[in-house]
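Below is one structure, written out as structure tokens; the observations come after it.
The values are calculated or read from the model by the stated rules, or taken from the named source; none is laboratory data. Source: prediction; values computed, not measured. FYI the Cβ positions are ideal-geometry reconstructions off the backbone, even for glycines, and counts take in every protein chain you see. Protein only, heavy atoms only, side chains kept; ligands, DNA and RNA dropped before computing areas. Shrake-Rupley method; radii C 1.70, N 1.55, O 1.52, S 1.80 Å.
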Amino acid sequence: DRNRAFLEAAVTLHRAGRVPAGAYLLDLGTMTENARLMSAEAARLGLDLLAMTKQIGRNPPALDALRAGGVDRFVAVDMACAPPPDPRAARAARSPTGATVLAPMGQESTFFCGIRRD
């Protein structure tokens, strides 16, 4: 019952074939509220808060929702040397990003070919 209307809309869109393969739906309002709660608690505890965008990529509306909730730093996890789906997205969202890669054991040398900040 957290956001029944969102879930019902998602099901309706999916059943109607309106959600493309590989797509995901985000509840931006809930993301903003969750970011607000986490930001307040991090501030209370004197902690730095960074949003891990591994699951959402560099999605400007999602980053904007997190920023509206008080998160102002983001970490993007990508495979080394793999271009993001839209390299302008982080800049469009005016978001500082970092890159971190967890390479499979024994394959580390093939994963690190340079880190670039956009």
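Quick notes on this structure:
- Tally of residues being modelled with pLDDT under 90 and either open to solvent by 50 Å² or more (accessible area, probe 1.4 Å) or among the hydroxyl-bearing types (Ser, Thr, Tyr) (or both) across the stretch 59-77: 2
- Looking across the stretch 10-21, the residues that are open to solvent by less than 90 Å² (accessible area, probe 1.4 Å) and within 22 Å of the chain's Cα centre (by Cα) come down to ALA10, VAL19, PRO20.
- As a summary of the residue check, SER109 satisfies the conditions (1) modelled with pLDDT under 85; (2) of a type outside the set (Phe, Trp, Tyr); (3) in contact with an Asp or Glu (Cβ under 9 Å, 6 or more places away or on another chain) except for the one numbered (3).
- Enumeration of residues in the stretch 38-56 that are surrounded by 12 or more Cβ atoms within 10 Å (Cβ to Cβ) and part of a helix (DSSP H, G or I): MET38, SER39, ALA40, ALA42, ALA43
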